[in-house]
Amino acid sequence: MRPSLLNPLFAPVTSLPGVGPKSAARMAYHLLQRDRRGAEALAGALNHALTHLHHCRLCNNFSEADVCEVCASPQRDKRQLAVVEMPADFNMMEATQSYGGLYFVLMGRLSPLDGIGPREIHLDRLISRATDGVVEEVVLATNFTPEGEATAHTLGELLKARGL
Ligand code: ZN
């Protein structure tokens, strides 16, 4: 088979974080040659996720419904809002079972060098969410990386200016 036939498959795999052209080729060959059922399952799962998963209107996490289960739960303390970077951070905080408030998932962190600015992390949505009149405390739970700290600092300043 001419390698060019597989190019349309390599390109999207190479776009994944941490995957270079060589790994992309290895994964593509593996799926096509050794694990066709795995490839079908992957394609199906991706299709399902793309069709059914949207962003929760309130917390921005992935959800099949307009408002996710956590946001819709009457058990949660609606006065507390924790800001996390990614759905994985959300899951980690939920796993500790020590936080009973609500969330906002930025889906990233400020990183001007990578072209990730206030718009990419939905800052305007977070601000209007945090100033809904119910939220009293915002917990900045971004990661301990330079970008995470800078994001928390910027958010802190914006929220303080709004009396939170
Ligand atoms: Zn939600």
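Here are the numbers:
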| quantity | calculated |
| --- | --- |
| Extension gain, Glu137 back to His52 (0.36 nm per residue minus Cα-Cα distance, nm) | 27.4 nm |
| Whole-percent carbon and sulfur share, accessible surface of region 50-108, 1.4 Å | 56 percent |
| Per-residue HN-Hα couplings for region 109-123 [Karplus 6.51, -1.76, 1.60; θ = phi - 60°; Hz; x = Gly/Pro] | 8, 4, 8, x, 5, 9, x, 9, x, x, 5, 5, 9, 6, 4 |
| Share, in percent, of DSSP beta bridges within the chain that are antiparallel, nearest 5 | 25 percent |
| Calculated [θ] (222 nm, deg cm²/dmol) that DSSP helices of n ≥ 4 give over the chain, each run adding -39,500 (n - 2.57) | -13500 deg cm²/dmol |
| Projected-area mean, the chain, by convex hull of Cα positions, square nanometres | 12.1 nm² |
| Heavy-atom SASA rank of His54, His122 (probe 1.4 Å, accessible area, largest first) | His54, His122 |
| Restricting region 11-114 to chymotrypsin sites (Phe, Trp or Tyr not before Pro) in coil, as DSSP defines it, with at most 16 other Cβ within 10 Å | Tyr99 |
| Cα point-scatterer Debye curve for region 104-146, base-10 log of I(q)/I(0) at q = 0.22, 0.23 Å⁻¹ | -0.81, -0.86 |
| Viscosity 1.567 mPa s, temperature 4 °C, Stokes-Einstein D of region 1-93 from Kirkwood C-alpha radius, µm²/s | 80 µm²/s |
| Gained length - Asn91 relative to Ser15, 0.36 nm times residue gap less alpha-carbon distance | 24.9 nm |
| Ala150 versus Arg125: modelled label distance in nm, points set 7 Å from Cα along the beta carbon direction | 2.3 nm |
| Mean accessible surface per residue for region 4-114, computed with a 1.4 Å probe while every protein chain stays in place, in Å² | 65 Å² |
| Residue among Arg26, Arg109, Arg57 with the largest mean-square fluctuation in a Gaussian network model of the chain, springs linking Cα atoms under 10 Å | Arg26 |
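The values are calculated or read from the model by the stated rules, or taken from the named source; none is laboratory data. Since this is a predicted model, take the numbers as computed values, not measurements. Glycine also receives a Cβ, built like all others from the backbone with ideal geometry; neighbour counts cover every protein chain displayed. Each accessible area value is taken on the protein alone, full model and side chains, heavy atoms only, with ligands, DNA and RNA left out. Shrake-Rupley method; radii C 1.70, N 1.55, O 1.52, S 1.80 Å.
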